[in-house]
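Participant: Would you mind keeping the following structure in view while I ask a few things?
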Amino acid sequence: MKKILLAYDGSRSAEKALRKTFEIAEKFHSAVTIMTVAPELYLTELVEVDRKGILEKIRADAEKTMQKIQKRARRLRTVKTVIKQGDAAEEILKTAKRIKADLIITGSHGRHGASKFLLGSVSAKIIDHAHCAVLIVK
Ligand SMILES: Nc1ncnc2c1ncn2[C@@H]1O[C@H](COP(=O)(O)OP(=O)(O)OP(=O)(O)O)[C@@H](O)[C@H]1O
Ligand SMILES: [Mg+2]
């Protein structure tokens, strides 16, 4: 538990995962990377100007979220934040490999989940494909 990667999407479940991450990181003096993946734009009919504006807004929102988290994480020794764009699970798995995370933490559900019973598709994909331990916080 030296290097923890937390996947954070602002959902209630991710918020619980964030608190658990802080708890674990304080105990084990782990380095923590918190990442959020902004959605990709598939709306091909948008003109380039609209696309640029929307992408900038998405990016700014993600940055604001991450800044707030940085503030809350000040007590921890090392916290990095990462913002990516694309498929959430794929980007999280890629980053986990790149930073050589030995633990990925996610919430059980996210912002778009319809079912309270099944795992969200992002956390399910992560647990299927991760090369390290995964903690799914309920
Ligand atoms: N865009 C994202 N960026 C970072 N982490 C994410 C993102 N989406 C999901 N996660 C992580 O995965 C956890 C589970 O969310 P997930 O998206 O799998 O569930 P859901 O939204 O309920 O269902 P689904 O997206 O399959 O409809 C979240 O609590 C969060 O930790
Ligand atoms: Mg989701």
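The values are calculated or read from the model by the stated rules, or taken from the named source; none is laboratory data. Keep in mind that this is a model prediction, so the values were computed, not measured. Ligands, DNA and RNA are stripped out before the accessible areas are found, and what is left, the full protein with its side chains, is counted by its heavy atoms. Shrake-Rupley method; radii C 1.70, N 1.55, O 1.52, S 1.80 Å.
Participant: What is the set of long-range amide H partners of residue 34 at a cut-off below 5 Å, with H atoms built 1.01 Å from backbone N?
Facilitator: Residues meeting the criterion, in which the H sits 1.01 Å from N, are 6, 80, 81, 82.
Participant: From the P(r) of the range 1-70, can you give the percent of Cα pairs sitting at distances over 19 Å? Please list the in-between numbers first.
Facilitator: Values: 1105 of 2415 pairs.
Of all Cα-Cα distances in the range 1-70, 46 percent exceed 19 Å.
Participant: Okay, next question. Springs between alpha-carbon atoms under 10 Å, Gaussian network over the chain: tell me which of 87, 50, 128 tops the mean-square fluctuations.
Facilitator: Of the options given, 50 has the highest mean-square fluctuation.
Participant: What percentage of the solvent-accessible surface of the chain, computed with a 1.4 Å probe over protein heavy atoms, is contributed by carbon and sulfur atoms?
Facilitator: Values: 4920 of 9040 Å².
Carbon-and-sulfur percentage of accessible area, whole number: 54.
Participant: Still on this structure: Which angle from 0 to 90°, rounded to the nearest 10, does the C-alpha axis of helix 12-28 make with the longest principal axis of the chain?
Facilitator: The angle comes out at about 40 degrees.
Participant: Let me ask something additional. So how tilted is helix 48-72 from the main axis of the chain? Cα-based, degrees 0 to 90, rounded to 10.
Facilitator: Between helix and principal axis, roughly 20 degrees.
Participant: Further, regarding this structure: Measure nothing but the geometry: give the 0 to 90° angle between the long axis through the Cα atoms of 88-98 and the longest principal axis through the Cα atoms of the chain, rounded to 10°.
Facilitator: 50 degrees
Participant: Going by amide H atoms built from the backbone, whose H comes under 5 Å of the H on residue 134, apart from near neighbours?
Facilitator: Close amide H contacts, sequence-distant or interchain: 104.
Participant: Add -39500 (n - 2.57) for each DSSP H run of 4 or more in the chain, then divide by its residues: what number comes out at 222 nm, to the nearest 500 deg cm²/dmol?
Facilitator: On the way: 4 runs with 62 residues, N = 138.
Only helices count here, giving -15000 deg cm²/dmol.
Participant: What Kirkwood hydrodynamic radius, in Å, does the chain give when the mean of 1/r is taken over all pairs of distinct Cα atoms and then inverted? Show your work: numbers first, answer last.
Facilitator: Values: mean 1/r = 0.0649 Å⁻¹.
Its Kirkwood hydrodynamic radius stands at 15.4 Å.
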